[in-house]
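Student: Below are the structure tokens for one structure; questions will follow.
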Amino acid sequence: MSEKSASLPRILVLATGGTIAGMAGSATRHEYRPGQISVADWLAEAAQFGMAAELTGKQIANIGSEDVGPAIWSALHSAILAAIADDAIDGIVVTHGTDTAEETAFLLDLTLPPTKPVVIVGAMRPADAVGSDGMRNFVNAVRVASDSEASGRGVVLVMGDRILAARDARKVRTRGTDDAFRGFPRGSIGLVTPAALDWFGNPWRQDDQPRFAFPAALPEVPILYIGAGMTPDLVDRILPNDPTGIVIAGVGEGNMPDPLRERLVEHAKAGLTVVRASRVDEGLVDREPEDDPNGFVAARALNPQKSRVLLQLLLANKEGDLNRVQAAFDNP
Ligand code: DAS
């Protein structure tokens with residue numbers, strides 16, 4: 001190995017598809033197909049940008065992230081754990097669709113040790129579109145994964161020159177590359193471009209263990225999005241057989257029509273874990289006095305989709321104590 005390459009960070013790129021690997025077949029067409037470019041072709045294209053890193057690639061999948069779920073999460077988790085244990089790898093970049101990037105990032109954040117950089121990256125425009133953002137986001141992600149200060153922050157997401165912690169990252173726009181993702185409540189934890197990287201604050205994870213073991217199976221947890229005037233029978237219709245948990249995307253600070261709340265209280269008394277989140281994008285949901293007698297959990301800063309991920313992990317790990325469930329939502 002040459003002297004130069006001996007000192008370069010070695011980054012493993014795990015590709016799952018998404019718009020970042022998508023092609024429209026025209027620079028101006030809106031519709032495109034995600035997951036068209038292989039990781040080998042992507043890395044061959046990326047090589048021209050002179051990144052100060054040695055990249056190797058592995059194709060985990062090549063699909064739109066609306067189809068990402070437990071099977072791909074399990075494959076990603078195993079590949080990343082192996083890379084964390086491999087002294088010949090310094091960091092990991094996962095290329096992923098943006099539609100469910102926040103759920104993948106959060107699930108991995110909760111089930112991996114924070115001892116090596118793991119960076120999720122996507123794109124809002126396909127690779128052959130005018131103003132495509134994928135390669136810039138990718139070069140930024142490699143820079144973050146190569147940085148010694150990136151460890152100890154859990155999984156991070158890099159989009160639009162921003163670095164977001166997995167627990168904060170949320171997709172807030174369906175189009176456009178500016179501000180397509182924001183962090184709530186902590187905002188960006190750093191800024192990155194192909195030429196510069198600035199962290200805001202120090203790494204915060206002092207541990208070297210995952211918060212949760214990666215479960216063999218994740219229980220189905222529905223999200224009930226509340227609209228004005230919804231009736232309580234919808235609760236019974238949405239619950240699977242043998243339900244263990246539900247997330248409510250409530251109006252305002254996790255509110256819902258009283259008859260529907262009363263139906264949830266009946267289910268909570270029968271053992272269902274009920275989490276009150278909010279349909280409001282940047283909405284903190286704190287505990288209210290009625291949560292104790294109702295047997296509800298407040299989602300705090302987690303949006304409904306990330307509340308579902310945390311609740312699935314808690315239920316998969318047989319956590320039924322509501323105080324411990326609430327503590328997990330208080331400090332995700
Ligand atoms: N194609 C969608 C996805 O795979 C959107 C994207 O990647 O931006 O999530």
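Student: Once Lys and Arg get +1 and Asp and Glu get -1 on their Cβ, which of GLY183, GLN206, VAL297 lies farthest toward the positive end of the dipole of the chain?
Tutor: GLY183
Student: Note the direction-averaged projected area, equal to a quarter of the hull surface, for the Cα convex hull of the stretch 187-332, in nm².
Tutor: 10.9 nm²
Student: Once the piece of chain linking GLU288 and GLU66 is laid out straight, how much longer is it, given 0.36 nm per residue of separation minus the C-alpha distance between them?
Tutor: 76.5 nm
Student: Sort 59-70, 306-317, 145-156, 25-36 for me by packing, meaning the mean count of neighbouring Cβ atoms within 10 Å per residue, highest on top.
Tutor: So the peptides 59-70, 306-317, 145-156, 25-36, ranked by packing, come out 306-317, 145-156, 59-70, 25-36.
Student: May I ask you to rank GLU282, GLU102 by accessible area, largest first, using a 1.4 Å probe over the protein chains only?
Tutor: GLU282, GLU102
Student: In addition: List residues of the stretch 288-304, by number, whose backbone nitrogen lies under 19 Å from a label position 7 Å along Cα→C-beta of ASN323.
Tutor: Output list for this probe position: 288-299.
Student: Same structure again: Can you work out the FRET efficiency for the pair PHE49 and SER78, with r the C-beta to C-beta distance and R0 = 25 Å, to the nearest 0.05?
Tutor: Working: r = 29 Å, r/R0 = 1.18.
The pair PHE49/SER78 has a calculated efficiency of 0.25.
Student: Determine the order of PHE106, PHE184 by accessible area, beginning with the largest, at a probe radius of 1.4 Å. Let's see the in-between values first.
Tutor: On the way: PHE106 0, PHE184 30 Å².
The residues order as PHE184, PHE106, largest area first.
Student: Run the numbers for ALA27 and GLN209: contour at 0.36 nm per residue of separation, minus the present Cα-Cα distance, in nm.
Tutor: Numbers: separation 182, 0.36 × 182 = 65.52 nm, distance 4.50 nm.
The ALA27-GLN209 span can extend by a further 61.0 nm.
Student: Under a plain spin-label model, where a point goes 7 Å from the Cα along Cα-to-Cβ, how far apart in nm are ASP179 and ASP330?
Tutor: It is 3.4 nm.
Student: Rounded, prolate or oblate: which fits the chain when a ≥ b ≥ c are the square roots of the eigenvalues of the alpha-carbon gyration tensor, with rounded for a/c under 1.5 and prolate only if a/b beats b/c? Numbers along the way, then the final one.
Tutor: On the way: a/c = 2.12, a/b = 1.71, b/c = 1.24.
Because a/c hits 1.5 or more and a/b exceeds b/c, the chain counts as prolate.
Student: Next question, about the same structure. Could you tell me the largest-minus-smallest coordinate of the C-alpha atoms of the stretch 74-150 on each of the three principal axes, in descending order and whole angstroms?
Tutor: That works out to 40, 24, 18 Å along the principal axes.
Student: Another question, if that's okay. What full-extension length gain, to one decimal in nm, is calculated for SER7 and THR193 as 0.36 nm per residue of separation minus the Cα-Cα distance?
Tutor: Between SER7 and THR193, full extension yields 64.8 nm more.
Student: Work out the FRET efficiency for ALA217 and ASP86 from their Cβ-Cβ distance, taking R0 = 30 Å, and round it to the nearest 0.05.
Tutor: Details: r = 27 Å, r/R0 = 0.91.
For R0 = 30 Å, the calculated efficiency reads 0.65.
Student: Given the options ALA105, THR231, PRO9, identify the residue whose Cα lies farthest towards the positive end of the charge dipole of the chain (+1 on Cβ of Lys, Arg; -1 on Cβ of Asp, Glu).
Tutor: In the chain, that residue is PRO9.
Student: Can you give the relative contact order of the chain as a percent, counting alpha carbon pairs under 8 Å and 6+ residues apart?
Tutor: Relative contact order for the chain comes out at 13 percent.
Student: Here's another thing I want to ask about it. With all protein chains present and a 1.4 Å probe, how do ARG186, ARG170 order by accessible area, largest first? Please report the intermediate quantities before stating the final value.
Tutor: Numbers: ARG186 105, ARG170 5 Å².
My answer, sorted largest first, is ARG186, ARG170.
Student: Say each of VAL172 and THR115 gets a label point 7 Å from the Cα, pointing the same way as Cα to Cβ; how far apart are those two points in nm?
Tutor: Those two pseudo-labels are separated by 3.6 nm.
Student: With charges only on Cβ, +1 for K and R and -1 for D and E, what is the dipole size of the stretch 221-319 about its Cα centre, in debye, rounded to 20?
Tutor: The calculated dipole for the stretch 221-319 is roughly 320 debye.
Student: Write down, largest first, the equivalent ellipsoid semi-axes of the stretch 152-256 in whole Å, where each equals the square root of 5 times an eigenvalue of the alpha-carbon gyration tensor.
Tutor: In descending order, the three semi-axes are 34, 21, 12 Å.
Student: When a/c is below 1.5 the answer is rounded, else prolate if a/b is larger than b/c, else oblate, so apply that to the stretch 264-329 with a ≥ b ≥ c taken from the square roots of the Cα gyration tensor eigenvalues.
Tutor: Cα axes put the stretch 264-329 in the oblate bin.
Student: Taking every DSSP beta bridge that has both residues in the chain, what percent is antiparallel when rounded to the nearest 5? Intermediate values should be presented prior to the final figure.
Tutor: Numbers: 16 of 47 bridges.
Once the DSSP bridges in the chain are tallied, antiparallel ones form about 35 percent.
Student: Relative contact order of the stretch 115-188: what whole-number percent is it, with Cα pairs under 8 angstrom and at least 6 residues apart?
Tutor: 29 percent
Student: Under unit Cβ charges (Lys, Arg +1; Asp, Glu -1), what dipole magnitude, rounded to 20 debye, does the stretch 45-112 have relative to its Cα centre?
Tutor: So the dipole magnitude of the stretch 45-112 works out to roughly 140 debye.
The values are calculated or read from the model by the stated rules, or taken from the named source; none is laboratory data. Source: prediction; values computed, not measured. Note: ideal-geometry Cβ built from the backbone for every residue, glycine included; neighbour counts use all protein chains shown. These area figures cover heavy atoms from the full protein model, side chains too; ligands, DNA and RNA do not enter into them. Shrake-Rupley method; radii C 1.70, N 1.55, O 1.52, S 1.80 Å.
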